[in-house]
Structures are given as C-alpha cells and as structure tokens.
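Inspection log for the structure reproduced underneath, given as structure tokens.
The values are calculated or read from the model by the stated rules, or taken from the named source; none is laboratory data. Quantities reported herein were computed from a predicted structural model and do not represent experimental measurements. Every residue, glycine as well, gets a Cβ built from its backbone with ideal geometry; the counts of neighbours run over all protein chains shown. To get the accessible areas, we keep the full protein, side chains included, count just its heavy atoms, and leave off ligands, DNA and RNA. Shrake-Rupley method; radii C 1.70, N 1.55, O 1.52, S 1.80 Å.
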Amino acid sequence: QVQLVESGGGLVQPGGSLRLSCAASVSIFSAYLVAWYRQPPGKQRELVAAITRSASTNYADSVKGRFTISRENAKKMAYLQMDSLKPEDTAVYYCKLSLSLYDYWGQGTQVTVSS
C-alpha cells in the first residue's frame, strides 16, 4: 500500500517562502515520477511542477523562477520550495507519484498566501 504524506503548508505573507515535503512509503521511490499539483478554491486541480527519475524538471509557467522541485531518493522524499509567494498561489497542494499506469496521491496540504 503506497502512502504519501505532505507537510509544510501554512499561512504566509505575500513575498514569503514555504517548503513543502512529501514523504513516500514505497519500495523503490527512485523509479517514480514525482509531481506537485494544486487546487485553488473553486478551481480545478493543476500541475505545478514535476521531476523525473533522472531529475529532469518542468514547471507551470505561473511558478517558473519562483518554485523549485527536488527529490531525495535515499530518504524517499520530495520537496517543493516556494519563494516569492503570491495570493494566487493559495491552494491545497498535493504530491503525486506515478509509475507506469499507477498514480498515487497524498492527502494534500493547505497553503494560504495573505497579508
């Protein structure tokens, strides 16, 4: 049974930073594609960033230059460093692991950017 647990969300002022973490209980974490998604209030879930097994990354245009995705395979952890946060970044953030036809989601962590 794959379990993902996100942490690190909270309330932050515009311009601030947060680091989200995703802890995975999988046998071979390094084999998975890791992605962060977010779901703003009243909107659909959207892809924020992804990192492949070889550590190639891609980002949504709205977060390029502000967010950084990373992974530590030995610890079975993934991270999303979020800098220069804006009110429009407010959302529930989800971690997802993908391998072949299988996707696994965490429960999400709330990020609120407000003064």
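Checked against the criterion of being among the small types (Gly, Ala, Ser) and modelled with pLDDT of 95 or more, the candidates SER27, SER7, SER100 yield just one match: SER7. A count restricted to the stretch 1-15 and to residues that are of a type outside the set (A, V, I, L, M) and surrounded by 15 or more Cβ atoms within 10 Å (Cβ to Cβ) stands at 3. For the stretch 1-45, filtering for residues that are closer than 13 Å to TYR93 by Cβ, among the small types (Gly, Ala, Ser) and part of a strand (DSSP E or B) leaves 4. Of all residues in the stretch 81-115, those satisfying the criterion of being charged (D, E, K, R) and either open to solvent by 60 Å² or more (accessible area, probe 1.4 Å) or assigned to a strand (DSSP E or B) (or both) are LYS86, GLU88, LYS96, ASP103. When the stretch 17-52 is examined, which residues are found to be surrounded by 15 or more Cβ atoms within 10 Å (Cβ to Cβ) and among the small types (Gly, Ala, Ser)? Passing the criteria: SER21, ALA23, ALA24, ALA35, ALA49, ALA50.
Scanning the stretch 53-80 for residues that are touching a residue at least 60 places away in the same chain (Cβ under 8 Å) and either touching a Pro at 6+ places or on another chain (Cβ under 7 Å) or open to solvent by 30 Å² or more (accessible area, probe 1.4 Å) (or both) returns no hits. In the set VAL26, VAL2, VAL12, only one residue is more than 11 Å from the chain's Cα centre (by Cα), closer than 17 Å to SER114 by Cα and touching a residue at least 12 places away in the same chain (Cβ under 8 Å); that residue is VAL12.
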